[in-house]
Amino acid sequence: MADTKYGDLVRTLKYIKGRGGANAKEMTFVGGDQIQGFALNFIVGVYDEPGDWAPDMGAHTHPFDEALLFFGYDDKDLKILGADMSLAVGKEYEEHKFSVPLVAAAPANLPHCPLVTIKPYRPFGHFHLALSAKYAGAGAAKEGTTNGKKYNYLFHPLKVKKGKGGANAAQQFSAEGKDLAGMPLNFTMGLHNQPGEWFPGKGPQIHSYDEVMVFFGHKTDDLTYLGAEITIAIGKEQEKHTFDVPTVIALPKGTPHFPITCNKVARPYRVMQVGLSAKYDCAWVK
């Protein structure tokens with residue numbers, strides 16, 4: 001794709017073996033240098049063992065905002081996480097437990113972790129969405145206590161809604177800055193299971209902010225499997241790019257994109273749309 005005008009916007013996700021234990025079994029890390037220099041880095045992976053994700057490390061901080069998203073890989077239902085979890089936040093290490101898909105906001109310099117998988121019932125997934133082109137972190141010692149509710153506002157169970165169906169999402173959940181302590185971030189994850197064109201006849205769309213689209217599959221013993229063949233048109237020229245493996249697409253603000261067509265599907269797949277703005281917006285280009 002390098003010899004095409006927009007080929008450098010489309011990149012195959014490279015998965016590697018994770019740290020194991022309660023941490024990732026398999027994962028990919030994408031930094032801003034791979035997505036047009038955007039102020040974003042992300043990890044997505046699969047997890048299936050109990051325990052502390054970073055034993056004896058305690059909490060850490062970042063000089064940037066970060067959202068921690070926990071989701072399941074079920075083929076039919078986004079409402080299933082598949083694990084009982086615990087995440088501590090604040091210098092007090094205030095513990096929060098959850099068993100449903102959820103996003104936790106970690107504003108810049110707020111200590112967070114330990115992160116513990118109390119009990120996994122099936123393999124599940126995790127995205128970190130960090131608002132910096134490069135990852136960085138530092139340890140944070142425990143100080144003081146709370147009433148156990150000081151940081152409740154940072155935790156938001158993800159409400160699953162019925163999608164438009166057809167080639168569009170069968171189910172989806174979303175969050176914006178108002179759900180994420182005011183961060184300049186929005187995202188939508190969709191579960192797709194049918195071939196065809198998304199939003200037939202609508203043509204291309206643009207956003208007023210940088211966006212990435214992450215296409216990934218449900219095969220938790222092999223995350224290099226997407227399970228579908230996708231074609232996306234990019235730019236006013238409608239330059240077409242087709243792929244059948246997990247892929248990230250970086251779309252600088254104002255870049256026309258769509259139509260997106262699922263040419264064929266062997267297994268349901270996911271699409272994570274991440275926008276670097278506190279509020280989602282979209283305009284269709286005629």
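In this structure, does Ala138 turn out to be at negative phi and in contact with a Cys (Cβ under 6 Å, 6 or more places away or on another chain)? No, not satisfied. Yes or no: Gly254 assigned to a loop (DSSP other than H, G, I, E, B) and modelled with pLDDT of 95 or more? Here the answer is yes, as Gly254 does meet what is asked. Scanning segment 167-221 for residues that are farther than 18 Å from Gly235 by Cβ and hydroxyl-bearing (Ser, Thr, Tyr) turns up Ser174, Thr188, Thr220.
Filtering segment 1-36 to residues that are part of a strand (DSSP E or B) and either in contact with a Phe, Trp or Tyr (Cβ under 9 Å, 6 or more places away or on another chain) or polar (S, T, N, Q) (or both) leaves Val10, Thr12, Ile16, Glu26, Met27, Thr28, Phe29, Val30.
Considering Ala108, Ala136, which residue is touching a residue at least 24 places away in the same chain (Cβ under 8 Å), surrounded by fewer than 17 Cβ atoms within 10 Å (Cβ to Cβ) and under 19 Å from Gly18 (Cα atoms)? Steps first, answer last, please.
Numbers: Ala108 fails: under 19 Å from Gly18 (Cα atoms).
Residue meeting the stated conditions: Ala136.
So how many residues does segment 37-71 have that are aliphatic (A, V, I, L, M) and in a strand (DSSP E or B)? Of the residues in that region, 7 qualify. Would it be correct to say that Val100 is modelled with pLDDT of 95 or more, part of a strand (DSSP E or B) and not assigned by TED's automatic domain parsing to the domain that holds Gly182? In short, no.
Once segment 213-229 is narrowed to residues that are touching an Asp or Glu at 6+ places or on another chain (Cβ under 8 Å) and closer than 22 Å to Ser174 by Cα, the residue that is surrounded by the fewest Cβ atoms within 10 Å (Cβ to Cβ) is His218. Highlighted here are the strands (runs of 3 or more DSSP E) found entirely within segment 172-234 that include at least 3 residues which are under 19 Å from the mean Cα position of the chain (by Cα): 186-192, 211-216.
For segment 137-168, what are the residues that are part of a strand (DSSP E or B) and under 26 Å from Phe258 (Cα atoms)? Steps first, answer last, please.
Within segment 137-168, the first condition is being part of a strand (DSSP E or B), and the residues that meet it are 138-140, 155-157, 161-162.
Scanning segment 137-168 gives Lys161, Lys162.
Which residue is farthest from His207 (Cα to Cα), if the candidates are limited to segment 224-256 and must be free of Cβ contacts under 8 Å to residues at least 60 places away in the same chain and of a type in the set (Gly, Ala, Ser)?
As a first pass, look at segment 224-256 and keep what is free of Cβ contacts under 8 Å to residues at least 60 places away in the same chain: 225-231, 233, 236, 238, 240, 242, 244, 253-254, 256.
When the remaining residues are screened for being of a type in the set (Gly, Ala, Ser), the result is 227-228, 233, 254.
Numbers: Gly227: 28, Ala228: 26, Ala233: 15, Gly254: 6 Å.
Among those residues, the one meeting the criterion is Gly227.
The values are calculated or read from the model by the stated rules, or taken from the named source; none is laboratory data. If you're wondering where the values come from, they're calculated on a predicted model, not measured in any experiment. Don't worry about glycine lacking a Cβ; one is built from the backbone with ideal geometry, like all the others, and counts go over all protein chains shown.
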